Amino acid sequence: MPGIDECLLEAMSLPGARGASLVDWTSGLALGTAGDSPVGDHETTAAETAELARAAAEYDSFASDGSAAGDGVPAPGTPAPGGELPKGPPVEDLILTTRSGYHILRFVETAFDSSVFLHLWLDRDQGNLALARIRLRDLAEKLVLG
């Protein structure tokens, strides 16, 4: 099971990877970084991407599972059949597409409050968005924090 540095180095091995970081979205701090930053400063990028992650995780419009529409799906935090709460963050990942690249924010489930995400910045011409999503999911599941 890889730690932060190993996880980020593996993310940087993806085709088109320009930069990667592990960010705490409650504080906006980068817990680890690799490669470049879109603005030249990893801490600025971490703070800005944390705002996106926080909005997606906290606002019902993004984290909703459709239960407000009356489709019979339980609301977030509602016990599933059998009495257990659904596991993991309410949002799996965010994808932001720019003219020159992709930004993928993958939420990481942790033993504590699960307020971290992996951020991968991909070159649009060289990157493979589908592959990157799959690999980030795998990395997030294997990541050891502690």
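Applying the criterion of being of a type outside the set (Val, Ile, Thr), in a loop (DSSP other than H, G, I, E, B) and touching a residue at least 40 places away in the same chain (Cβ under 8 Å) to the residues of region 5-26, the residue that is nearest to residue 136 (Cα to Cα) is 14. Scanning region 27-46 for residues being over 16 Å from residue 104 (Cβ atoms), part of a loop (DSSP other than H, G, I, E, B) and not small (Gly, Ala, Ser) gives a total of 2. Screening region 1-38 for residues that are touching a strand residue (DSSP E or B) at 6+ places or on another chain (Cβ under 7 Å) and of a type in the set (Val, Ile, Thr) and picking the one that is most open to solvent (accessible area, probe 1.4 Å) gives 33. Quick check: is even one residue across region 137-144 touching a Cys at 6+ places or on another chain (Cβ under 6 Å), outside any strand (DSSP E or B) and either modelled with pLDDT of 90 or more or surrounded by 13 or more Cβ atoms within 10 Å (Cβ to Cβ) (or both)? Scanning region 137-144 turns up at least one residue that is touching a Cys at 6+ places or on another chain (Cβ under 6 Å), outside any strand (DSSP E or B) and either modelled with pLDDT of 90 or more or surrounded by 13 or more Cβ atoms within 10 Å (Cβ to Cβ) (or both).
Only one of the listed residues (111, 80, 68, 75) is open to solvent by 50 Å² or more (accessible area, probe 1.4 Å) and at pLDDT below 65. That residue is 68.
The values are calculated or read from the model by the stated rules, or taken from the named source; none is laboratory data. Quick caveat: nothing in here was measured; it's all calculated off a predicted structure. Note that we place each Cβ from the backbone using ideal geometry, even for glycine, and neighbour counts take in every protein chain shown. Ligands, DNA and RNA are stripped out before the accessible areas are found, and what is left, the full protein with its side chains, is counted by its heavy atoms. Shrake-Rupley method; radii C 1.70, N 1.55, O 1.52, S 1.80 Å.
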